[in-house]
Amino acid sequence: MVLTEKETMTIEDLRQQEQNCVEKYRRYSGEARDTVLRDLFEELSRKEQEHYDSLGQVLNGTVPSCNCNDRDGEMYQPKATYDSMTNTEDKKNDCFLVTDCIGTEKMVSGTYNTNVFTFGDTKIRKLLADIQIEEQNHAEMLYKYKTVNGMA
């Protein structure tokens, strides 16, 4: 498989975006006060690393198979640490982090939605569509955390 220059640049841009997400989740896992949120950020960092690695494989000429997992968001059931009446500095900190990450996931998902149309190769399009669904799942997981903790 040979990518066009535009396709290569698009994959490189998406890969940089994934690297930024990996770094953000790693940093935020260190800043989160709640261990449930810390664990979620660590999990999402691993998933973003998988996206980064998959895009690297595309740049190297192979398209990894995708699992088309659209259930992570649906299945995620976080345990509440905070309640709706609590308004501590820890809760405010964690609310900021999770809200920021939801915004990031929205932006990343939209980028995949637009860039999938750059490619003619069905396997690449399927991979990018799968990653987009996973990004939506990440946002859903973050929103569920926010809701159960009285932050939404």
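The values are calculated or read from the model by the stated rules, or taken from the named source; none is laboratory data. Please read all numbers here as calculations on a predicted model, not as lab measurements. Backbone-built Cβ (ideal geometry, glycine too); neighbour counts: all protein chains shown. Protein only, heavy atoms only, side chains kept; ligands, DNA and RNA dropped before computing areas. Shrake-Rupley method; radii C 1.70, N 1.55, O 1.52, S 1.80 Å.
Per residue, how many Å² of accessible area does segment 50-152 show with a 1.4 Å probe?
Values: 5400 Å² over 103 residues.
Spelled out: the 1.4 Å probe surface of segment 50-152, per residue, equals 52 Å².
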Between segment 27-59 and segment 61-104, what is the C-alpha centre distance in whole Å? 11 Å
Along the principal axes of its C-alpha atoms, what lengths does segment 1-81 span, in descending order and rounded to whole Å? 49, 25, 15
Which entries of Lys123/Lys144; Lys24/Lys126; Lys47/Lys123; Lys79/Lys146; Lys6/Lys47; Lys47/Lys92 have Cα-Cα distances beyond 22 Å here? Lys123/Lys144; Lys24/Lys126; Lys6/Lys47; Lys47/Lys92
Rolling a 1.4 angstrom probe over the protein chains, ignoring ligands and nucleic acids, what is the accessible area of Phe117 in square angstrom, nearest 10? 140 Å²
With r as the distance between the Cβ atoms of Val2 and Met107 and R0 = 25 Å, compute the FRET efficiency 1/(1 + (r/R0)^6) and round to 0.05. 0.25
Which of the listed residues, Leu3, Gly110, Thr62, is farthest toward the dipole's positive end in the chain, when Lys, Arg count +1 and Asp, Glu count -1 at the beta-carbon? Gly110
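Give the peptides 86-99, 135-148 in descending order of average Cβ contacts within 10 Å, highest first. Numbers along the way, then the final one.
Working: 86-99: 15.7, 135-148: 20.9.
So the peptides 86-99, 135-148, ranked by packing, come out 135-148, 86-99.
Quick one: ranking Ser65, Ser54 by accessible area, 1.4 Å probe, largest first, what do you get? If you can, show how the numbers build up before the last one.
On the way: Ser65 110, Ser54 25 Å².
The residues order as Ser65, Ser54, largest area first.
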Can you check how the C-alpha radius of gyration of segment 74-152 compares to 2.2 N^0.38 Å, as a plain ratio? 1.37
Just read off the accessible area of Arg71 with the full protein assembly in place, 1.4 Å probe, to the nearest 10 Å². 110 Å²
Kirkwood hydrodynamic radius (C-alpha pairs) into Stokes-Einstein, the chain, 37 °C and 0.692 mPa s, D in µm²/s: 205 µm²/s
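Where does the chain land at 222 nm, in deg cm²/dmol rounded to the nearest 500, when only DSSP H runs of n ≥ 4 count, each adding -39500 (n - 2.57), divided by all residues?
Taking each H run of at least 4 residues, the total per residue is -25000 deg cm²/dmol.
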Please calculate the 1.4 Å probe accessible area of Thr35, with all protein chains present, and give it to the nearest 10 Å². 80 Å²
